[in-house]
Amino acid sequence: MANWLLLEPQDLIKLLCALVVGAIIGAEREYHDKTAGLRTIILISVGSALFTIFSIHIGGTNDPARITAQIVSGVGFLGAGVILHQGRQVKGLTTAATVWLAAALGIGAGSGYLLFTTVAALLALFVLWALQIIEMRLATSRLTRVYQVTSIVKPGKSAELAALFRKYDLQIRSQGQGKHSEALIITIKAAGRPEHHEALADALIADAEVKDLDYA
């Protein structure tokens, strides 16, 4: 029988599994309005499954993983396309990792590991959905601010301010100082709970030696 007439039921099941797991992950990305959404993730998953199925049929027992191995490097180009650099911030890493994951799920489905692939997709959905909620709560419970304090010129003022930050349980990430005209400008980057930041700001405003305060 000609190759183009061959249709093995198990291969169709593999493709359907790849479509389902791709839809599970893609729907979550689409819901959060990410660059790689529902259709993109499904196509990556189904495409990876197709490459895997073809490699098994074409490669046979000699080297069935030859084509599949190229999926890992090839999907890297897709992942790189969703990563954006905005100044010092890098966005899209999670979406890029999701693209990479979708390819892995497609390979798993195409190789016949249907149950394992489905469980992996559900675990990935848990990471993307549930852990995002935890991550957001952690982010709101800890705040990083950069303070610029303009003070009178006084020896030891920088150390005095550092001690004040520690008093309010704020972790100093970096600290620097400079002099402008008759004023001392001290810049401190600190992290801690929002209420501790507010208490510190009140203390700095009440300091008679502080001429100006700016933070962001």
From the phi of every residue in the stretch 93-108, what ³J(HN,Hα) in whole Hz does the Karplus formula 6.51 cos²θ - 1.76 cosθ + 1.60 yield, where θ is phi - 60° and glycine or proline is x? 5, 5, 5, 4, 5, 5, 4, 4, 5, 4, 5, 5, 5, x, 5, x
Cut-off 10 angstrom, C-alpha nodes, Gaussian network model of the chain. Which of T187, T52, T40 fluctuates the most? T187
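Residues with beta-carbon under 11 Å from that of A191, excluding A191: net charge, scoring Lys, Arg +1 and Asp, Glu -1? Don't skip to the answer; put the middle values down first.
Details: positive: R142, R145, R173, K189, R193; negative: D169.
Charge balance near A191 sits at +4.
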Mind checking which aspartates and glutamates have their Cα closer than 20 Å to the Cα of K34? Skip sequence neighbours fewer than 8 apart in that chain. E135
For a label point 7 Å along the Cα-to-beta-carbon line of L12, residues of the stretch 101-143 with backbone N under 20 Å: 109-115
Taking only Cα atoms and a 10 Å spring cutoff, compute GNM fluctuations for the chain and point out the largest among G176, G112, G47. G176
Report the residue, chosen from A36, A159, A27, that carries the largest GNM mean-square fluctuation when the chain is represented by alpha-carbon nodes joined by springs under 10 Å. A159
Would you kindly give the portion of the calculated P(r) for the chain that falls above 26 Å, as a percent of all Cα pairs? 56 percent
Taking the chain as the reference, fit the longest principal axis to its C-alpha atoms, fit the long axis of helix 157-167 to the helix C-alpha atoms, and give the angle between the two in degrees, 0 to 90, nearest 10. 60 degrees
Once phi for every residue in the stretch 22-38 is put through the Karplus expression 6.51 cos²θ - 1.76 cosθ + 1.60 (θ = phi - 60°), the whole-Hz ³J(HN,Hα) values, with Gly and Pro written as x, are x, 5, 4, 6, x, 5, 5, 5, 5, 4, 8, 6, 8, 4, 8, x, 4
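Let's test the formula: R0 of 22 Å, r as the Cβ-Cβ distance of L164 and E135. What FRET efficiency results, to the nearest 0.05? Could you put the intermediate results ahead of the total?
Values: r = 31 Å, r/R0 = 1.39.
E(calc), rounded to 0.05, equals 0.10.
What FRET efficiency would be calculated for the residue pair L213, T35, taking the C-beta separation as r and a Förster radius of 45 Å, to the nearest 0.05? Show your work: numbers first, answer last.
Numbers: r = 39 Å, r/R0 = 0.88.
Computed FRET efficiency for L213 and T35: 0.70.
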Amide H partners (placed H, <5 Å) of R193, local residues excluded: L143
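Taken together, the values in this text are just the output of simple stated rules run on the coordinates, not laboratory data. No experiment lies behind these values; they were computed from the predicted model shown. Note that each Cβ is placed from the backbone with ideal geometry, even for glycine, and that neighbours are counted across all protein chains shown.
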